[in-house]
Amino acid sequence: MPTLDTHLERLSAGADVITPSDELAARLETGRPLRVKLGLDPTAPAVTLGWAVVLRKLRHFQEMGHTAVLIVGDFTAQVGDPSGKSETRRRLSKDEVQRYADSILTQFRKVLLNDRLEIRYNSEWLSGFDMAEVLELTSKVTVAQMLERSDFAQRHASGTPISIMEFMYPLLQGYDSVAVEADVELGGSDQLWNLMMGRVIQERYGMTPQVAMTMPLLVGTDGVNKMSQSLGNYIGVEDTPEEMFGKTMSIPDDLMVQWFELAADVHGEELAAIRSGLDDGSLHPGSTKRDLGRQIVSLYWDEDAAARAEAAFDLIHKRGEIPDDVDEFPVGDGDPVSLPSLLRDAGLVGSAGEARRMIQQGAVKLEGERITNGELARADVVGRVVQVGKRRFVRLV
């Protein structure tokens, strides 16, 4: 059995804020398994390494014997989290949210343990609210409290509209903590205000308020912005090992320490040694980044997959060759062939529009030769390998 100090050190590793700071230790001292809540709104189809930062922290709690309560915010996703938004965001339809929810649930399981896991949809309790329950919830918080939130305050000061629905989002998220009787709530650093609102709501419903724990936001592969699907600067937990390794090798050197800690789950003395080695030059940035890539791939696949991904990277980048084990994709009967549609259907890009942009940028090649034409004769593509970017290949058949 781990000591309380060891327990607390493991659970606190990498955390940005834990508040109130003494309450987590106090709850651990009881010896009772804690109920640790993480709410994620299904607003995009992929689970990124950025999302996985808080998912991995939830797993740490599981590994220490606590219960992970993962809330799929299928109801709140239709309201829309206003955190960090300068204007009202577009509402998602119920069907859109359900498609995203179906996509991400299997990806969550690549990170979390099956034991000590509850997966709940917040429509379970929120969709049945009647007007009396809505009024009861809204009576728990004042407008002045809502305007303490920085993004609401800035919008109010600038005269930018704030809808009452946006005020409802943190109240609904807070009520989730009441519904699942959360002891601890996890979130990204941009969620601290919402997590603290959960404490207020729990207390107003007569419960002991939860501990709020936030994790830093992982900077994306562009080295500037937080990892985001909308910006395209992300790695997904279901990306192929080759994609994971190759994208990791593309990050700026100054991100490596953060990525070791947040994306590769490295902490303590090992992380300190990496930081020190990069600072004093005893660790080579290139070889250290390769180690980072292998560790990330091993987390989501295995060590053999990581070794193969590194070998594929060398084949492409050092020797400029096409890999031997390229997937095949049927061209179809049409002639000429619409290359943007083909690249989209083959899964090499997310949309035909993205394919057209990649073609214009010279990032699409056929047998190593850049392509600038969006339509090609069928005879010119069948049996040949098309490449998008540096790591995406498919053989057309």
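Counted by neighbouring Cβ atoms within 10 Å, the residues Asp16, Asp183, Asp102 run from fewest to most as Asp102, Asp16, Asp183. Here the residues Ile316, Ile296, ranked from fewest to most Cβ neighbours within 10 Å of their Cβ, fall in the order Ile316, Ile296.
For chymotrypsin sites (Phe, Trp or Tyr not before Pro), the sites in the range 103-145 that DSSP calls loop and that have at most 15 other Cβ atoms within 10 Å are Phe129. Using only Cα atoms and rounding to the nearest 10 degrees, what angle (0 to 90) does helix 192-204 make with the longest principal axis of the chain? In the chain, helix 192-204 runs at an angle near 30 degrees to the longest axis. For the cross-link pairs Lys37/Lys94; Lys365/Lys390; Lys57/Lys94; Lys226/Lys365; Lys110/Lys390; Lys37/Lys140, the ones whose C-alpha atoms lie over 18 Å apart are Lys37/Lys94; Lys57/Lys94; Lys226/Lys365; Lys110/Lys390; Lys37/Lys140. Against the longest alpha carbon principal axis of the chain, how many degrees, from 0 to 90 and to the nearest 10, is the axis of helix 303-317 turned? With both axes taken from Cα atoms, the answer is about 50 degrees. The charge dipole of the chain, taken about its Cα centre with unit charges on the Cβ atoms of Lys, Arg (+1), Asp and Glu (-1) only, comes to about 680 debye.
Dipole of the range 241-317, Cα-centred, from +1 at each Lys and Arg C-beta and -1 at each Asp and Glu C-beta, to the nearest 20 debye?
On the way: 6 positive and 16 negative charges, 38 e Å.
For the range 241-317, the charge dipole is close to 180 debye.
Taking Cβ atoms as reference points and 13 Å as the exclusive limit, the residues near Val337 contribute a net charge of -2, counting Lys and Arg as +1 and Asp and Glu as -1. Dipole check for the range 328-396: with +1 at the C-beta of Lys and Arg, -1 at the C-beta of Asp and Glu, and the Cα centre as origin, the magnitude is about 400 Debye.
With only Cα atoms counted, the chain has Rg and Dmax values of 23.6, 72 Å. Other residues within the sphere of radius under 15 Å centred on the Cβ of Arg32, judged by their own Cβ, net out at -1 (K and R +1, D and E -1). Sorted into 5 angstrom bins from 0, the C-alpha pair distances of the range 4-215 split as 1, 7, 15, 19, 21, 17, 12, 6, 2, 0, 0 percent.
Within a Cβ distance under 9 Å of Phe260, other residues only, what is the Lys/Arg minus Asp/Glu net charge? Write out the running numbers ahead of the final one.
Values: positive: Arg275; negative: Glu261, Asp265, Glu270, Asp291.
Charge balance near Phe260 sits at -3.
Hey, if you put +1 on the Cβ of every Lys and Arg and -1 on every Asp and Glu Cβ in the range 4-215, which of Leu171, Pro161, Ala25 ends up farthest toward the positive end of that dipole? Positive-most Cα among the choices belongs to Pro161.
In percent, what relative contact order does the range 241-317 have, based on Cα pairs under 8 Å that are 6 or more apart in sequence?
Details: 66 pairs, mean separation 35.7, N = 77.
The normalised contact order for the range 241-317 reaches 46 percent.
In plain terms, the residue of Leu11, Leu49, Leu171 with the fewest other Cβ atoms within 10 Å comes first and the most crowded comes last, giving Leu171, Leu11, Leu49. Relative contact order for the range 328-396: 35 percent, from Cα pairs under 8 Å spaced at least 6 residues apart, divided by residue count.
Rounded to a whole number of µm²/s, how large is the Stokes-Einstein D of the range 241-317 at 4 °C and 1.567 mPa s, given Rh as the Kirkwood radius over C-alpha pairs? Spell out each step's value before the answer.
On the way: Rh = 12.4 Å.
Result for D is 104 µm²/s.
Since every read-out is calculated from the coordinates, none of them should be taken as a lab result. Nothing here was measured: the structure is a model prediction, and the numbers come from that model. Cβ atoms come from the backbone with ideal geometry, glycine included; neighbour counts cover every protein chain shown.
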